[in-house]
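Enquirer: Next up is a structure, given as structure tokens.
Coordinate-derived values only; no laboratory data. For clarity, every value in this text was computed on a predicted model and none was experimentally measured. Cβ atoms come from the backbone with ideal geometry, glycine included; neighbour counts cover every protein chain shown.
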Amino acid sequence: AQSVTQLGSHVSVSEGALVLLRCNYSSSVPPYLFWYVQYPNQGLQLLLKYTTGATLVKGINGFEAEFKKSETSFHLTKPSAHMSDAAEYFCAVGYRGSARQLTFGSGTQLTVLP
Amino acid sequence: EAQVTQNPRYLITVTGKKLTVTCSQNMNHEYMSWYRQDPGLGLRQIYYSMNVEVTDKGDVPEGYKVSRKEKRNFPLILESPSPNQTSLYFCASSFREGAYEQYFGPGTRLTVT
């Protein structure tokens, strides 16, 4: 079985500050890891994903995440927050060959303060 | 344009009145799935389909039905809706099963009174 824990249901940062959204996973097999973003009144959009290879993954809009197997973590970061980054962010875990596809975390609402 | 469409986007109904939420994708994806999103719970999978005529239960299937008669369509059926099914519903599709990128529809907000 796999699971995802997102620490902090709400995170606030100032515009220009570092964004750090935390995600820890549990998986009995090598995981595939994803971050999705949901803007108000929209569906989810893929930000970035890790499947195999390089553990530092770069995504859209300046976001990146690092897969740390020893810490079972996949935290999302962005060096400088922009007002347009305000949204809800979901971490998800899956693995190759999974017929059930992805298990999602409960989400983190990011607020960017002017 | 590659997309997943859902209809209706908003629906208010009464307890026990059967309803169907349609989902269609134009990407020739094999895999389709339905989720519900509730505050603090993230997205929970209701049903998924690995191909035409192949469907299976997700984590919260009670009170829902699905069918996959055509590759592009995957309707969600609530035969006797109840207030605890008030939620935001998302349809998603991907090339095939196995943790490939999922493409999400815009969502259907359902209220059951």
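Enquirer: Between A:Glu71 and B:Arg109, how many nm apart are label points set 7 Å from Cα along the C-beta direction?
Expert: 3.7 nm
Enquirer: For A:Lys58, list the lysines whose Cα falls under 23 Å from its own Cα; do not include residues on the same chain fewer than 8 positions away.
Expert: By straight Cα distance, A:Lys58 reaches A:Lys49, A:Lys68, A:Lys69, A:Lys78.
Enquirer: Mind checking the mean number of beta-carbon atoms from other chains within 10 Å of the Cβ atoms in A:42-52?
Expert: Mean shielding count: 4.
Enquirer: Remind me, relative contact order of chain B in percent, using alpha carbon pairs under 8 angstrom and six or more residues apart?
Expert: Relative CO of chain B lands at 36 percent.
Enquirer: Within the set of other residues whose C-beta is less than 12 Å from the C-beta of B:Leu19, count the net charge using Lys and Arg as +1 and Asp and Glu as -1.
Expert: In short, +2.
Enquirer: Could I ask something else about it? Can you give the FRET efficiency for B:Leu11 and B:Ser67, using 1/(1 + (r/R0)^6), R0 = 25 Å, r = Cβ-Cβ distance, to the nearest 0.05?
Expert: 0.85
Enquirer: Same structure again: Just flag the trypsin sites (Lys or Arg not before Pro) in segment B:31-94 sitting in loop per DSSP whose Cβ has no more than 14 other Cβ atoms within 10 Å.
Expert: Answer by residue number: B:Lys69.
Enquirer: Grab segment B:14-103 and count how many Lys pairs have their alpha-carbon atoms under 22 Å apart, sequence gap of 8 or more, or different chains.
Expert: Eligible lysine pairs with Cα atoms under 22 Å apart amount to 7.
Enquirer: Hey, another quick one. Looking at the square roots a ≥ b ≥ c of the eigenvalues of the Cα gyration tensor of segment A:34-114, which shape do they give, rounded for a/c under 1.5, prolate if a/b is larger than b/c, or oblate?
Expert: Oblate shape, in that a/c is at least 1.5 and b/c is the bigger or equal ratio.
Enquirer: To the nearest whole number, what is the average tally of beta carbon atoms from other chains within 10 Å of the beta carbons of peptide B:34-41?
Expert: Mean shielding by partner chains, rounded to a whole number: 3.
Enquirer: Given the C-alpha atoms of chain B, compute the convex hull and give its volume per residue in Å³.
Expert: Looking at chain B, the number lands at 93 Å³ per residue.
Enquirer: So, one more: Taking a ≥ b ≥ c as the square roots of the Cα gyration tensor eigenvalues, with a/c under 1.5 meaning rounded and otherwise prolate when a/b beats b/c, else oblate, which class fits the protein assembly as shown?
Expert: prolate
Enquirer: Using a 10 Å cut-off on Cβ to Cβ distances, tally the other chain neighbours for every residue of B:21-28 and report the average as a whole number.
Expert: 0
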